Every structure is written in C-alpha cells, then in structure tokens.
Amino acid sequence: MKKIIAFIIFQCICMVAFCQNATTEATIKSLEEKQVQAILQKDTATLRKIWSPGFMVNSPRNIIVIGGQIERVVEGSLAYTSYTFTMEQMLVQEDMVVTMGSETVIPVIANPKGGQTIKRRYTQVWQKANDSWILIARHANELCQQ
C-alpha cells in the first residue's frame, strides 16, 4: 500500500513539473515572437518590458554590447524589413531558460548590409524576475555563405 501511495505522489509531482515546464515554454515562445514583432515595429515600450536594462549581446558585428539596445532601435541601427526565426531547442531550468535556433533577417537599406538576406544562429538567455520573464543575454552569429 505504501508503495502505491508513494508512486501516486511521484506521478503527481511529475505532472506538476511537466505542466510548469509546458507553461514556461509557451510563455517564452510567445515572448520571442513579441520581441521580433517589437523590433520590426520599433515598439520600444514592449522591448523595455522584454529586455533587461543590462541586456548583454554578443552581436554579429563581433562586439559585446551591454545595455543600450533600445537606443539602437530608436536610432534605426537595429532595424529590419524582415525578421523570421525558428526556435529549435529550449532548456528550462527553474528561473532560467535558454533558447537556441536560427533566424533570417533583412536589414533596412540605410544599415550596413541593408537589403541583404542574412542567416544567423542565435542563443538567448531568459530569467524570471518578479513573476515576469526578461531577456538578459543573447548571442547571434552570421552563417558563412556557401
């Protein structure tokens, strides 16, 4: 009888953990979609909610930037006519989530490489703070052209 009760309790714990991960995964997927739309629409209010003030980016320009990405959106140096992404994997660890995948962007004409289709790989790190998820770090690198 004790083994049956222990098994039932274990199953319940597993179900709760699975549901929590499923909810977190859906939330992060939604936030990554909102981020892309906010960048395309220059919606800095949404980006301020999604991006940490100390958001650290290892950018495709081969520099590390800490903070200041909102200003890049405002000034137009972070602007695209097209931005699509495919999240390929997500790792959920309590209050931290890492996503990895591929993305394709077309920068606006005024930017370096403007009008060109650029394929990249990305990694993003999300952290839960005050019942909200914020993006704290990102790495993106351009794929070599074949």
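Brief remarks on what is shown
- Adding -39500 (n - 2.57) for every DSSP H run of four residues or longer, then dividing by how many residues the chain holds, sets the calculated 222 nm ellipticity at -12500 deg cm²/dmol.
- Taking the C-alpha atoms only, the angle from helix 2-41 to the longest principal axis of the chain is near 10 degrees.
- Comparing I39, P107, A137 along the charge dipole axis of the chain, the residue lying farthest to the positive side is A137, per the Cβ-charge model.
- C144 sits among other residues whose Cβ lies under 13 Å from its own Cβ, and their net charge, with Lys and Arg +1 and Asp and Glu -1, is +2.
- The share of C-alpha pairs in the stretch 46-146 whose separation exceeds 22 Å stands at 31 percent.
- Length available on full extension from I66 to Q116: 0.36 nm per residue minus the Cα-Cα distance, which gives 15.4 nm.
Bear in mind that the values in this text are calculations on the coordinates, not laboratory data. Here the structure is a predicted model, which means the values were calculated and not measured. Heads up, the Cβs are rebuilt from the backbone with ideal geometry, glycines too, and the neighbour counts pull from every protein chain shown.
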